[in-house]
Amino acid sequence: MSELKEIRVPDIGDFKSVEVIEVLVHEGDVIAPEDSLITLESDKASMEIPAPEAGTVREVKVKVGDHVAEGSPILVIEPVGEKVDANKLSSSPTETSTKSAAPSPSAFAPPTSESRSQAAPPHNKPSPTAHIHEERFRKAHASPSVRRFARELGVDLGDVHGSGNKGRILRKDVQSHVKHVLSQLSAGGGLGVAPMPEIDFAQFGEVETQPLTRINKLTGQNLHRNWVTVPHVTQFDEADVTELESFRKEMVREYAEKGVKLTLLAFLMKAVVSALREFPRFNASLDASRENLILKKYFHIGIAVDTQDGLVVPVIRDVDRKSLMDLARELGEVSIRAREKKLKPSDMQGGCFSISSLGGIGGTAFTPIINAPEVAILGVSRTRWHPVYKDGEFVPRLMLPLSLSYDHRVIDGALGARFTTFLSKLLSDTRRMLL
Ligand code: CAO
C-alpha cells in the first residue's frame, strides 16, 4: 500500500470562504487526474476542484454546506499513478491554462467527462433526455450540478446560452431556457409552431381595443380545443325542401295563433333524431381512455344561438319524445333566454349532437366546429331556389344546404355521406320520418 496523500483546496483567488455545493466522490472511488472532486460556489461564481493525480479515495473530508478556503483538506487518497500538471487545473472545455496553478473563479468543469452523478440512466427505464445530443451536451461549458439539473429537465445544454464567465452555463440559464421554451409552446398553442407575432396595429392606422366578453373567451377556448384535438371532416350536401317548406308555411299561421314561431329548425331537429337512430355512431362520445365509444340512448340536441355577447349552445332534451309544436315553442323560449343571459350551466349540458343554423342570415355552406365530446354537428345555410333536372326537364326546387362536420376518429367518410344522404331524403319527403 503506497503512502496516503491529502488533497487540499488549491489557490482559488481572492475567495476566503467558499461553500461546498457538491461532493462528487465517495470513499473507495478510483479517480483519474482531472476528475472533478467537489464544486464550490461563491455568490459570484461556481468552480470545480479537479483531482491533481490518480488514486483511490480513502477519506472524504468535506461535506455539502461546508465552507472552505485555499489549503482546506478535501480528500485523502492512495495515489496510484501519474500526477496532473498543476498548471492544467484551470480548465474549460476548450482551454488549457498555463499560467495559473489553481482554478480561478472562471475556470470550471473539466472537459474530460461528466461526473459520476451523471452516468447514463439505468437500462429498462425510458430516458426523458433521449433527444439530448450527447456530443454537444458533453462539450457544453457547465458544472456537473448544472449538467445533472439539465438532464433532469431533459434540456440539451447544446441549446442553452451561457451567461457565466467565458460563456459558462449556469443553473439560471437552464431555468431561463426552459421558461423560454414553455412560453414558445404556449404561444404556439402547445403545437410546437411558431408563436403569433405581437404586432402594434396602431402603427398602420387608427384602432380601438375592445375586450372580449366572458362568453367569447369561454367559447373561444372550447372551440380552439375542439378544433385542434378533434380531426374534423365536413361533408356537404343539400336537401330538396320544396314540399317541406310549403307545409311549414301552411302551418305557420296555425302555430302563430298559439304564440309559436315555426321555422325549419324544428323539422330539422326531428329529422336529425331519425338519422341518429339510423346511425347510432353519431349519437355517441369517446370515453376518457379514447378506447371505447359510449352510445347514447337518449336524444338531446344542442342548438347554436347567436347572442350579443357571443355564441351559446343550449340543449333541448328528449327531442324524440316531443311534438313539432313542443319543439318550436321550446326553441323560441330557449333562444330568448339565451339572448337575455338567463341560461343556466345545466341548460347547456348533456347534448348528443348539435345544429348550427345560419339559414336566417345567409351563406351557402360553412364548416361548423364539433361541440366535443359530441362527435358531429350539422350546419344549415340559407335555402335557395335551384333549377333541378327532373323527369326530363329543369324545375325550380327549394334546396337547403347541409354541412355536416364529424369526428373522423369515430365516423368514416362513407358513414358521413350516408348520414347526410339519409337526412336529405327525410327532409325531401317528411313522410319518411314516420317510418
Ligand atoms: N333558409 C331560409 N330561411 C331560413 C332558414 C333557412 N335555412 N332558417 C331560418 N330561416 C328564416 C326563418 O324562417 C325566419 O324567417 P321569418 O322571419 O320570415 O319568419 C328567419 O329566417 C329568421 O329565423 P330565426 O333565426 O329567427 O329562427 P331559426 O329557428 O331559424 O333559428 C336560432 C333560431 C336561435 C338558431 C337562430 O336565431 C340563431 O341564433 N342562429 C345563429 C346560430 C349561429 O350563430 N351559428 C353559428 C355557430 S358557429 O358554428
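The values are calculated or read from the model by the stated rules, or taken from the named source; none is laboratory data. Bear in mind that the values here come from a model prediction, so they are computed numbers and not experimental data. Cβ coordinates were reconstructed from backbone atoms using ideal geometry, including for glycine residues, and neighbour counts include every protein chain displayed. Note: accessible area is taken over every heavy atom of the protein model, side chains too, but ligands, DNA and RNA are not part of it. Shrake-Rupley method; radii C 1.70, N 1.55, O 1.52, S 1.80 Å.
What number of residues within the stretch 301-316 are assigned to a loop (DSSP other than H, G, I, E, B) and buried (at least 16 other Cβ atoms within 10 Å of the Cβ)? Before you say what the answer is, go through the steps one by one.
Residues of the stretch 301-316 that are assigned to a loop (DSSP other than H, G, I, E, B), as a first pass: 304, 308-309, 313-314.
Imposing the further condition that a residue be buried (at least 16 other Cβ atoms within 10 Å of the Cβ) reduces the set to 304, 313-314.
Of the residues in that region, 3 qualify.
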- [ ] Check whether at least one residue in the stretch 382-390 is assigned by TED's automatic domain parsing to the domain that holds Leu262 and out of contact with any strand residue (DSSP E or B) (no Cβ under 9 Å at 6 or more places or on another chain), and report yes or no.
- [x] no
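Could you check the stretch 388-413 and list, in sequence order, the residues that are part of a loop (DSSP other than H, G, I, E, B), closer than 30 Å to Leu293 by Cβ and either over 28 Å from the mean Cα position of the chain (by Cα) or of a type in the set (Val, Ile, Thr) (or both)? Give the derivation first.
Let us first name the residues in the stretch 388-413 that are part of a loop (DSSP other than H, G, I, E, B), namely 391-392, 408-412.
If we keep only those that are closer than 30 Å to Leu293 by Cβ too, we end up with 408-412.
Scanning the stretch 388-413 gives Val410, Ile411.
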- [ ] Collect the residues in the stretch 361-397 that are within 14 Å of the ligand (Cβ to nearest atom), within 27 Å of Gly413 (Cβ to Cβ) and open to solvent by 90 Å² or more (accessible area, probe 1.4 Å), keeping them in residue-number order.
- [x] Arg382, Arg384
Task: The listed residue being within 9 Å of the ligand (Cβ to nearest atom), over 13 Å from Ser354 (Cα atoms) and assigned to a helix (DSSP H, G or I), out of Ala256, Ala328 - done: Ala328
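Of the residues that make up the stretch 228-243, is at least one in a helix (DSSP H, G or I), open to solvent by 60 Å² or more (accessible area, probe 1.4 Å) and over 22 Å from Ser323 (Cα atoms)? Full working, then the answer.
Looking only at the stretch 228-243, we keep the residues that are in a helix (DSSP H, G or I), and these are 228-229, 242-243.
Pick out the ones that are also open to solvent by 60 Å² or more (accessible area, probe 1.4 Å) and you get 228-229, 243.
Now narrow it down to the ones that are over 22 Å from Ser323 (Cα atoms): 228-229.
Yes, there is a match, as at least one residue in the stretch 228-243 is in a helix (DSSP H, G or I), open to solvent by 60 Å² or more (accessible area, probe 1.4 Å) and over 22 Å from Ser323 (Cα atoms).
Within the stretch 342-363, identify whether any single residue is in a loop (DSSP other than H, G, I, E, B), in contact (Cβ under 8 Å) with a residue 60 or more places away in the chain and not small (Gly, Ala, Ser), and answer yes or no. Spell out the reasoning first.
The first filter runs over the stretch 342-363 and keeps only residues in a loop (DSSP other than H, G, I, E, B), leaving 342-344, 349-352, 358-363.
Subset that is in contact (Cβ under 8 Å) with a residue 60 or more places away in the chain: 352, 359-360.
Next, from what is left, pick out any that are not small (Gly, Ala, Ser): 352.
Scanning the stretch 342-363 turns up at least one residue that is in a loop (DSSP other than H, G, I, E, B), in contact (Cβ under 8 Å) with a residue 60 or more places away in the chain and not small (Gly, Ala, Ser).
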Open item on the list: For the stretch 294-310, check the following and say yes or no: at least one residue is among the charged types (D, E, K, R), within 16 Å of the ligand (Cβ to nearest atom) and in contact with a Ser or Thr (Cβ under 7 Å, 6 or more places away or on another chain).
Closed with: yes
Open item on the list: Restricting to the stretch 2-58, name every residue that is open to solvent by 40 Å² or more (accessible area, probe 1.4 Å) and either free of Cβ contacts under 8 Å to residues at least 12 places away in the same chain or touching a Phe, Trp or Tyr at 6+ places or on another chain (Cβ under 7 Å) (or both).
Closed with: Asp14, Asp43
